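Since the structure comes first, as structure tokens, the remarks are kept for the end.
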Amino acid sequence: MPVSKLVGARVKRREDPRLIRGLSHYVDDIKLPDTLHVAILRSPYAHARIRRVETDAALKQPGVVAVVTGKEVRERVGTVPVASQNPSLRVPEHHILAAEKVCFVGEGVAAIVATDRYTAEDALELMEVEYESLPVVSDPETALQPATPVIHSAWPDNVAFRWELKQGNLARAWKEAHKIVKQRLVHQRLAPVALETRGVLARYLPGEEELTVWSSTQIPHILKTQLALMLRVPENRVRVIAPEVGGGFGSKLNVYAEEALVAYLAMKLGRPVKWIEGRRENMKATIHGRGQVGEAEMAVKKDGTILGLSYRVIADIGAYHQLLTPGIPPLTGLMLSGCYRIPAISIEVTGVFTNKMSTDAYRGAGRPEATYVVERMVDQAARELALDPVKMRQKNFPKPKEFPFKSATGLIYDSGNYQAALDKALKLVGYEKFRREQRKLRKEGRYLGIGLSTYVEICGMGPSAAMPAGGWESGTVRMEPTGTVTVLTGVSPHGQGQETSFAQIVADELGVEMEDIAVIHGDTAVVQSGIGTFGSRATAVGGTAVLQAAQRVKEKAREIAAHLLEADPDDLVFSNGRFQVKGVPKKWVTIQQIALEAHLAKNLPKKMEPGLAATAYFEPSNFTFPFGTHICIVEVEPENGQIHLKRYVAVDDCGRVINPLLVEGQIHGGIAQGMGQALFEEVVYDENGQLLTSSLMDYALPRAEDLPRLELARTETPTPVNPLGAKGVGEAGTIGSTPAVVNAVVDALAPFGVTHIDMPLKPEKIWRLCRSGEFRAGKEGR
């Protein structure tokens, strides 16, 4: 009987049973004999010289095995790496422990190694460090002022880098415009707050000279290379294993000081060493996201035609660069035109050092900032021109026949039909009916608002300023003698569900049951090579490599089948896992039988090697560009500033869908994080560089009860960039949701004269705005 196609089917995640039942293994679940535990002494100062570190008392504590300081490790371990390139980039030395001075609250100063975690933590209290406090720079705009103290003395100011992009005739755009719309826009710092904090376990075998590191990382192969360089050991003696990661959202797309520190300690002490990050450490010493403040200007005609857009932005990068820190703000620039035909565009980015933890990749990584800028500006322009925001968007979309479409920033959008996604979302939400209801309710003193966000994002990351390591990915498909299939992938999924979707792809290609396929990832000693999982690239790039490997396996199997059936390969048809001679129904052989013959190697074509396996490397010729429309309906209570999310409709297009359940799960999670930025989340430092949001008592996250039921739909516009037609969906919800929510709240408060509110939209902030505009609201219908 024919086997139903699995690609496109709603297959439940194969990963979930072990996760739900508590049978998975995170870093802290890995138990090795004689393991030692690390606690890190972190600076309470945002900026200070280290005058003296006294370790004797801690070393005398029973159970303490060793104490290491910055002076020791800087002689033996290299600096934390920076991968992103920029001609103007200034890279301060970032050692795994500070030796001379600290530059942010939470920077590591010393590490205590003990027989158990509690002893190590207790011994921190016995450490004495003499600091000489230095002036603190906590505000990114102040950091650029001439009189501001300089954080890194190697340079005359706090500029970390500059980057700019200008296309088209901006002068003409400004001259021809009927209106120039201006707005200051703030993207507050965010904490990624993965369910599981970071963790590292390292073991060194001196006889074999082999270093094995278990880390909650999104990029095990890149981490392996960087650890070899930092520790000055041969890379072929280093193995990195990423067990269950417990959420990453980009925060674990990095090479952290603690990974090299723990590995160094394992080599130094000859015993396994483990470090598990506490939540307060996580808030202080794991990267933050966003952190931009800028001035945007949009030149428009009175009919809503966009003529030009400029954005001058200051990017708060923190005290040091992490792996991709300088590459994130340029992504904002590249995607600044959004899904609009904008003939002239300009972005000027100034990255600045501040006495804070670094910013780096966080879900969307530069693209949420770009979408927020252009979507807020389109809404602002529509309001100032007295146009419907829907009509203004429709007027500036490129038409489907214009794809591939070259944006004003030079990107080539692969495929798209932005009108279809918008039309579908408007129909689902009942846009015109809502507008009538909104006008009616305003007369009754109720304030409803509707917010739109039409977005496009860049996925399937290839070589770029953000990730110069390469855009390729590897996949291996191997049929075992018994007919089961092993898939090795260089991507490193940590919640995206590729153990399921890759099995679907291979099952369809080879005609085998999904239950007979094992997908292996995250172990550099098993998987030959890879780049990792980030930027919604895993399926578009890694899935394509797996598909191509499976196709090569099938072609070799065809040759063996032709030999066994004494037929020409072109005379064979493949269906339901078997090769059959055309027109001879009884003459067939299964792919499982072929696998056995391939390994027995007694009856193969001449000069054919035994085995049935293939490895493929896929590097796309371009990025992919998912898109969609998100619409949010809110009701705001002016009396107390409360925002009630009434409805949320999302129509996304991520190209060909491999598994709708996985797509919907990614969109649900992404929307929650985007709403979190709009309404709740904010990393706050005071003027002394002290982190005020250092725990989940202080840092507000959205809860299930805060979110409405999400109404999801999709259009499907395959990409020509890869044979799967898949674009990526991991960040779409985060990118589309934030401006939709903010636009909705601003729309609700239009009777109060509100034209913009900086995120997060806290009730107190809303209440104050409504109080200040109370008289105007009264005139308009209360």
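Assorted remarks:
- Qualifying position, being surrounded by fewer than 22 Cβ atoms within 10 Å (Cβ to Cβ), in contact (Cβ under 8 Å) with a residue 40 or more places away in the chain, of a type in the set (A, V, I, L, M) and more than 21 Å from ARG280 (Cα to Cα), among ALA83, ALA160, ALA143: ALA83
- So THR197, is it open to solvent by less than 10 Å² (accessible area, probe 1.4 Å) and either modelled with pLDDT of 95 or more or not in a loop (DSSP other than H, G, I, E, B) (or both): no
- Annotation: of all residues in the stretch 524-546 being hydrophobic (A, V, I, L, M, F, W, C) and in contact with a Leu (Cβ under 6 Å, 6 or more places away or on another chain), the one that is surrounded by the most Cβ atoms within 10 Å (Cβ to Cβ) is PHE534.
- Residue match in the stretch 600-615 (condition: in contact with a strand residue (DSSP E or B) (Cβ under 8 Å, 6 or more places away or on another chain), modelled with pLDDT of 95 or more and charged (D, E, K, R)): no
- Checking each residue in the stretch 1-19 for being at pLDDT 95 or above and either open to solvent by 70 Å² or more (accessible area, probe 1.4 Å) or touching a Phe, Trp or Tyr at 6+ places or on another chain (Cβ under 8 Å) (or both) picks out ARG10, LYS12, ARG14, ARG18.
- Evaluated against (1) part of a helix (DSSP H, G or I); (2) in contact with a helix residue (DSSP H, G or I) (Cβ under 9 Å, 6 or more places away or on another chain), VAL213 falls short on exactly one condition, (1).
- Once the stretch 112-140 is narrowed to residues that are within 30 Å of VAL67 (Cα to Cα) and among the small types (Gly, Ala, Ser), the residue that is most open to solvent (accessible area, probe 1.4 Å) is SER133.
- For the condition open to solvent by 10 Å² or more (accessible area, probe 1.4 Å) and among the hydroxyl-bearing types (Ser, Thr, Tyr), THR350 qualifies.
- Hey, ARG393 assigned to a helix (DSSP H, G or I), crowded, with 24+ Cβ neighbours inside 10 Å and of a type in the set (Lys, Arg) or not: yes
- Answer from VAL53, VAL105, VAL65 - the residue that is part of a loop (DSSP other than H, G, I, E, B) and either under 30 Å from LEU331 (Cα atoms) or open to solvent by 40 Å² or more (accessible area, probe 1.4 Å) (or both): VAL105
- The condition of being at pLDDT 95 or above and open to solvent by less than 10 Å² (accessible area, probe 1.4 Å) holds for only one of ARG341, ARG367, ARG363, ARG312, that being ARG367.
- Checked across the stretch 502-521, the condition of being open to solvent by less than 10 Å² (accessible area, probe 1.4 Å), in a strand (DSSP E or B) and closer than 21 Å to GLY248 by Cα holds for no residue.
- Out of ILE287, ILE276, one residue alone is of a type outside the set (Gly, Ala, Ser) and surrounded by 23 or more Cβ atoms within 10 Å (Cβ to Cβ). It is ILE287.
- Only residues that are in contact with a Leu (Cβ under 7 Å, 6 or more places away or on another chain) and open to solvent by 10 Å² or more (accessible area, probe 1.4 Å) were counted across the stretch 260-273, and they come to 5.
- Unmet requirement for VAL73, which otherwise passes all of (1) in a helix (DSSP H, G or I); (2) surrounded by fewer than 22 Cβ atoms within 10 Å (Cβ to Cβ); (3) in contact (Cβ under 8 Å) with a residue 12 or more places away in the chain: (2)
- Residues satisfying the stated conditions in the stretch 290-309, i.e. within 30 Å of LYS391 (Cβ to Cβ) and either open to solvent by 10 Å² or more (accessible area, probe 1.4 Å) or not aliphatic (A, V, I, L, M) (or both): GLN292, GLY294, GLU295, GLU297, LYS301, LYS302, ASP303, GLY304, THR305, LEU307, GLY308
- Test: residue in the stretch 489-504 that is without any contact (Cβ under 8 Å) to a residue 12 or more places away in the chain, charged (D, E, K, R) and out of contact with any helix residue (DSSP H, G or I) (no Cβ under 8 Å at 6 or more places or on another chain): no
- Check on LEU661, free of Cβ contacts under 8 Å to residues at least 40 places away in the same chain and open to solvent by 10 Å² or more (accessible area, probe 1.4 Å): no
- Criterion violated by ARG703 - all others in (1) among the charged types (D, E, K, R); (2) in contact with a strand residue (DSSP E or B) (Cβ under 9 Å, 6 or more places away or on another chain); (3) under 22 Å from GLY248 (Cα atoms) satisfied: (2)
- Residue match in the stretch 233-241 (condition: in a strand (DSSP E or B), out of contact with any Phe, Trp or Tyr (no Cβ under 7 Å at 6 or more places or on another chain), open to solvent by less than 20 Å² (accessible area, probe 1.4 Å) and closer than 19 Å to ALA202 by Cα): yes
- Boolean, LEU126 is assigned to a loop (DSSP other than H, G, I, E, B) and touching a Ser or Thr at 6+ places or on another chain (Cβ under 7 Å): no
- Selection count where residues are over 22 Å from the mean Cα position of the chain (by Cα) and of a type outside the set (D, E, K, R), scope the stretch 307-348: 12
- Close contacts from the stretch 419-445, counting a first residue that is touching a residue at least 24 places away in the same chain (Cβ under 8 Å) and open to solvent by 10 Å² or more (accessible area, probe 1.4 Å) and a second that is among the aromatic types (Phe, Trp, Tyr) and not in a helix (DSSP H, G or I), with Cβ to Cβ under 6 Å and a gap of 6+ residues or different chains, come to GLN419/PHE397.
- Selection over the stretch 649-658 of residues that are in contact with a Ser or Thr (Cβ under 7 Å, 6 or more places away or on another chain) and surrounded by fewer than 24 Cβ atoms within 10 Å (Cβ to Cβ) gives a count of 0.
The values are calculated or read from the model by the stated rules, or taken from the named source; none is laboratory data. Remember, it's a predicted structure, so these values are computed and weren't measured experimentally. Cβ coordinates were reconstructed from backbone atoms using ideal geometry, including for glycine residues, and neighbour counts include every protein chain displayed. Heavy atoms of the whole protein, side chains included, go into the accessibility calculation; ligands, DNA and RNA do not. Shrake-Rupley method; radii C 1.70, N 1.55, O 1.52, S 1.80 Å.
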